[in-house]
Amino acid sequence: MNIFILITAGLLPAILLWFYVWKKDKQKEPTSRLLKAVLLGAATCIPVAFVEMLVELGIFGAIDYQPSTLYDTTRMAFLVAALPEEAVKLLALWLVLRKNPFFDEHYDGIVYAVCIGLGFAAVENIFYIIGSQDEWATVAISRALLAVPGHYAFAVIMGYYYSLHHFVDHSTKNAVYILLIPVLAHGIYDALAMSSMVDETIGAICFLILIAFCIKMHKVARKYMLLQIERDETHSSAV
């Protein structure tokens with residue numbers, strides 16, 4: 001299969017979701033800043049892969065461990081996948097925003113977080129599609145409908161709480177939520193997705209739950225986006 005087609009299939013879902021978020025930003029961020037966030041998000045794949053291997057080796061005693069119980073898949077989902085990925089993404093978001101003079105609106109946290117999250121998701125998606133060989137189309141479609149939108153939703157949540165803590169409420173609770181809520185959402189997603197590795201029947205049931213969970217996550221993401229847009233509009237009208 002043509003490598004250009006595979007790469008396009010991997011990038012397209014992330015580009016479309018990014019454009020959706022960017023389009024809603026009334027005061028657009030500088031292109032250079034957005035590109036920096038995307039590239040940093042893509043680069044996080046390297047440290048994430050390294051950390052995940054170390055965690056997997058430490059917890060299960062082997063890399064590419066094949067779980068045999070739902071307890072194992074749940075531990076893998078939260079500790080090997082969700083926590084390392086979201087923690088490194090949060091570090092990237094902090095690096096992008098800590099001295100960014102353009103981070104001056106509530107919605108900006110979501111915009112930059114989505115750039116990082118979808119940068120990561122795009123690279124991950126390309127590797128999955130290229131590695132799937134003859135089944136690349138099936139993998140591309142399933143990941144375009146579930147995995148990439150999942151990273152998008154986790155990023156919106158992270159960006160929402162980052163801005164909430166920065167602009168609205170500096171409480172410890174909101175500081176903890178910046179990482180905790182995306183990790184919980186990501187962990188639940190992966191736990192449901194990984195259940196088929198143990199039992200096909202349970203996996204089929206969990207897949208239906210996963211679809212419902214993804215729909216719920218997108219409703220939450222949309223709600224958080226609208227809340228931040230409303231805060232920015234209220235602030236602008238008050239100035």
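The values are calculated or read from the model by the stated rules, or taken from the named source; none is laboratory data. These figures come from a predicted structure and were not determined experimentally. Quick reminder, even Gly has a Cβ in these numbers, built from the backbone with ideal geometry, and neighbours come from all protein chains shown. Heavy atoms of the whole protein, side chains included, go into the accessibility calculation; ligands, DNA and RNA do not. Shrake-Rupley method; radii C 1.70, N 1.55, O 1.52, S 1.80 Å.
Miscellaneous remarks
- Residues (aliphatic (A, V, I, L, M) and closer than 22 Å to Leu208 by Cα) located in segment 121-147: Ala137, Val139, Ala140, Ile141, Ala144, Leu145, Leu146, Ala147
- Segment 113-127: number of residues that are within 26 Å of Gly58 (Cα to Cα), open to solvent by 10 Å² or more (accessible area, probe 1.4 Å) and either hydrophobic (A, V, I, L, M, F, W, C) or at pLDDT below 95 (or both): 2
- Count - residues of segment 76-120 that are more than 13 Å from the chain's Cα centre (by Cα) and of a type in the set (A, V, I, L, M, F, W, C): 12
- Some residue of segment 68-81 being of a type outside the set (A, V, I, L, M), assigned to a loop (DSSP other than H, G, I, E, B), open to solvent by 50 Å² or more (accessible area, probe 1.4 Å) and farther than 21 Å from Val148 by Cβ: yes
- Of the residues making up segment 157-202, those that are surrounded by fewer than 18 Cβ atoms within 10 Å (Cβ to Cβ), outside any loop (DSSP other than H, G, I, E, B) and of a type in the set (Gly, Ala, Ser) are Ala175, Ser196.
- Residue match in segment 50-59 (condition: free of Cβ contacts under 8 Å to residues at least 40 places away in the same chain, open to solvent by less than 60 Å² (accessible area, probe 1.4 Å) and under 30 Å from Phe103 (Cβ atoms)): yes
- Among all residues of segment 96-112, there is none that is in a helix (DSSP H, G or I), open to solvent by 40 Å² or more (accessible area, probe 1.4 Å) and either modelled with pLDDT of 95 or more or over 27 Å from Ile202 (Cβ atoms) (or both).
- Test: residue in segment 214-234 that is free of Cβ contacts under 8 Å to residues at least 40 places away in the same chain, touching a helix residue (DSSP H, G or I) at 6+ places or on another chain (Cβ under 8 Å), surrounded by 16 or more Cβ atoms within 10 Å (Cβ to Cβ) and not small (Gly, Ala, Ser): no
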